[in-house]
Amino acid sequence: MKRFIMLGMLFVVFITIITSCVTSDIYELKAPITFENEDVSATLLIAGSKVINLDIQNKTKDVITLVIDLASFTEPQGNNTRLIPEETKFIDATRSQPSVTIPPNGYYSKSFFSADSANYISGKYGGWRINDWLPLDLKGSSFVFGYRVAGKEKYMVFGGDKAEQQIFAQIEKLGSVTINKTYWNILFLNSVEKRRNALYDEALAKAKEQYGEDIALTNVRYQGDWDVKSLLLYFSMLGFVENATISADVVNL
């Protein structure tokens, strides 16, 4: 009887490990959202559910100061969150951030994430994580970045509706790209974010080789499936093996 109970417990643990190692994610790259006035020409790109990329061209002969503490995202429901640069330490996410100067006719490019998305997980395999914070449907949302120029405070506002409306109307689909890779995730050290980002980088590089530099990936799909080779890692107790696939459509910017 004890033997059957033990086998049952091992089976439950085995199934739990298998299912916890299977990951999937689907996210869509929205159309670039542009903003332009007499001071700046800017483009905001939504890359997945965790990061946005901002490019700003200073069109003036004055120094522009981008005030990071004024950067924010407002959800369709009206909830508001601060946006902070990618190199910010997670522990400093809720603190005031230094402003950035853009020289006359200069250029600034940076990725941002939500200050509220940084989360610390305790435990042996814990650490800082960035949770999803961008909704799949951006209609009714807005991204705001404040700046100062010639003693005046101004704002760049990017409406999420434009990202939804433009994606099929103004962007040409060039083709598709697929990357397959097997990961040996020893001691569970390679997080799903790292695995997904590595595949995304490979897919983007492959797409640029085939279609040129002025492209982006949309309708990105990530699938990670548990591989039976995981049994070699002490029945998945010491890690797991994942067959990962990323596929995406390639569009012309």
A correct Karplus calculation of ³J(HN,Hα) over the stretch 204-212, with 6.51 cos²θ - 1.76 cosθ + 1.60, θ = phi - 60°, whole Hz and x for Gly and Pro, returns 5, 5, 5, 5, 5, 5, 7, 10, x
Would you grab the residues whose amide H sits under 5 Å from the one on Lys30? Only those 5+ places off in sequence or on another chain, please, with H modelled 1.01 Å from N. Ile46, Gly48
Show which aspartates and glutamates lie in cross-link reach of Lys139 when reach means a straight Cα distance below 17 angstrom and same-chain residues fewer than eight apart are skipped. Glu28, Glu75, Asp161, Glu164
From largest accessible area down, sort Leu136, Leu187, Leu204; use a 1.4 Å probe on the protein chains. Leu136, Leu187, Leu204
A correct Stokes-Einstein calculation for the stretch 174-253, using the alpha-carbon Kirkwood radius, 25 °C and 0.890 mPa s, returns a whole-number D in µm² s⁻¹ of 183
All lysines inside 23 Å of Lys181 as judged from Cα atoms, apart from same-chain residues fewer than 8 positions distant: Lys50, Lys194, Lys206, Lys208, Lys229
Counting only residues 5 or more apart in sequence or on a different chain, those whose built amide H sits under 5 Å from that of Leu70 are Gly146
Quick check: the distance between the Cα centres of the stretch 189-240 and the stretch 48-121, to the nearest angstrom? 27
Rank these residues by their accessible area, most exposed first, probe 1.4 Å: Val250, Val51. Val51, Val250
What's the local net charge at Thr94, with K and R +1, D and E -1, over the other residues with C-beta under 13 Å away? 0
Restricting to DSSP loop positions (anything but H, G, I, E, B) with no more than 10 other Cβ atoms inside 10 Å of their own Cβ, which trypsin sites (Lys or Arg not before Pro) remain in the stretch 22-117? Lys61, Lys89
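The values are calculated or read from the model by the stated rules, or taken from the named source; none is laboratory data. Quick caveat: nothing in here was measured; it's all calculated off a predicted structure. Positions of Cβ are backbone-derived with ideal geometry, glycine not excepted, and every protein chain shown enters the neighbour counts. Please note that ligands, DNA and RNA were not included when accessible areas were found on the heavy atoms of the full protein model with its side chains. Shrake-Rupley method; radii C 1.70, N 1.55, O 1.52, S 1.80 Å.
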